[in-house]
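Have a look at the structure below, then the notes.
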Amino acid sequence: MSTRLNKYISESGVCSRREADKFIEQGNVFVNGKRASIGDQVTEKDRVVVNGSLIEPRAPEDAIYIAFNKPPGITSTTETSVKDNIIRYIKHSERIFPIGRLDKDSQGLILLTSNGDIVNKILRAGNKHEKEYIVMVDRPITDSFIEGMRGGVPIMGIMTQKCEVKKETNYIFRITLIQGMNRQIRKMCEHFGYEVVQLERIRVMNITLKGLGVGDWRELTEKELDGIMKMTETSSGTKEASLPKRRVGPPTTAWSSRPARFSEGENEDKPARKPAGTGSKSAPRSAPSGAKPARKTAPGKPKPTASAAAFGTEKPPRKPGRPTSAGSKRKPAAKTLNRAPKGNAGRRGSSR
């Protein structure tokens with residue numbers, strides 16, 4: 001079976017596909033002794049040399065899979081020019097990239113891997129792989145809000161898929177999505193006149209945050225990896241697998257008089273455009289407070305379960321998201337989750 005040359009090079013761990021194309025254009029890539037061209041196809045039997053070095057794609061069983069508890073303020077991108085990018089924060093010895101994105105303002109679970117083939121299988125909405133979140137909003141949650149969120153919300157001209165939503169406290173709810181639209185939960189809440197104060201992803205498919213402190217990362221266990229492979233066995237990695245999008249016109253709803261006008265895009269790190277004429281503010285940006293040194297999770301040891309208590313309060317602060325500087329009299333913002341259990345091994349590969 002043949003593979004596009006830039007993908008073959010990328011899977012070896014040498015560089016990204018974009019960088020591979022640059023090397024090909026510069027004439028630094030040879031296939032079986034001949035200078036390569038953009039778009040060339042290769043097989044495992046071909047001899048590929050990049051910048052004078054013979055390469056081989058990494059075997060699937062040698063791929064890297066890690067779970068990372070992203071703190072607020074870290075951007076889910078591989079672009080090294082972006083300050084506080086996720087790759088620089090983790091500092092893994094191998095080339096890895098995030099599976100999907102998580103808002104810069106949000107915290108929680110994000111998976112990273114060196115296996116490009118599995119990314120779309122996990123992310124495509126049509127494959128129905130779940131992502132679970134705990135969300136704190138700025139005012140009391142009503143039953144009608146919960147029902148409205150469950151039934152689908154018009155954002156960016158598209159009706160979101162129906163989803164599971166459960167009220168945890170007066171200000172906190174739990175939501176499970178199979179989609180990954182740009183800042184989806186924040187926009188869904190804004191549609192009903194709510195503002196997200198804090199958002200944490202606690203699960204992706206069969207992987208959870210249990211025992212993983214803010215800023216910590218660990219490799220997936222064999223059991224977790226087997227679970228992912230079984231779940232993605234019949235998943236498609238092509239765009240055709242996506243669920244049909246329900247287009248909607250400008251929303252007119254009893255929930256909110258504000259029109260849902262947002263910038264399009266799949267990049268969850270891109271700031272959402274403010275609804276016209278509302279003067280609403282974007283979600284708060286807060287650095288992780290009181291975070292302990294990162295720790296490696298010890299497999300098999302009982303871990304605390306994520307719940308509404310993760311935010312350390314049932315009621316949001318009076319001025320959500322405003323950091324409290326040293327000596328300030330302002331009431332501190334809600335605490336970020338830091339559940340690293342005591343007695344575990346030291347931190348692996350991350351730095352402040």
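The values are calculated or read from the model by the stated rules, or taken from the named source; none is laboratory data. No experiment lies behind these values; they were computed from the predicted model shown. Cβ atoms come from the backbone with ideal geometry, glycine included; neighbour counts cover every protein chain shown. The accessibility values were calculated without ligands, DNA or RNA, using every heavy atom of the protein model including side chains. Shrake-Rupley method; radii C 1.70, N 1.55, O 1.52, S 1.80 Å.
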Using only the heavy atoms of the protein chains and a 1.4 Å probe, how would Lys162, Lys104 rank by accessible area, largest first? Lys162, Lys104
Projected onto the charge dipole of region 153-231 (unit charges on the beta-carbon of Lys, Arg, Asp and Glu, signs +1, +1, -1, -1), the Cα from Asn170, Met231, Leu209 with the largest positive-side position is that of Asn170
Simple SL model, points at 7 angstrom along Cα→Cβ for Thr80 and Lys162; separation in nm is 4.9
At a 10 angstrom cut-off on C-beta neighbours, averaged per residue, how do the peptides 1-8, 75-82, 178-185, 194-201 rank from highest to lowest? 194-201, 178-185, 1-8, 75-82
How many angstrom lie between the C-alpha centres of region 160-179 and region 1-63? 44
What are the radius of gyration and Dmax of region 1-81, computed over its Cα atoms and given in Å? 14.9, 48
A 22 angstrom limit on the alpha carbon distance is what I want to check against. Which of Lys121/Lys166; Lys131/Lys210; Lys166/Lys210; Lys131/Lys315; Lys91/Lys131; Lys131/Lys223 exceed it? Lys121/Lys166; Lys131/Lys315; Lys91/Lys131
I need the GluC sites (Glu not before Pro) found in region 81-154, filtered to DSSP loop residues with at most 16 other beta carbons within 10 Å of theirs. Glu94, Glu130
Roughly how big is region 1-48's charge dipole about its Cα centre, with Cβ charges of +1 (Lys, Arg) and -1 (Asp, Glu), in debye to the nearest 20? 60
Sort region 11-132 into rounded, prolate or oblate with this rule: let a ≥ b ≥ c be the square roots of the eigenvalues of the Cα gyration tensor; rounded if a/c is under 1.5, and if a/c is not under 1.5, prolate when a/b is larger than b/c, oblate otherwise. prolate
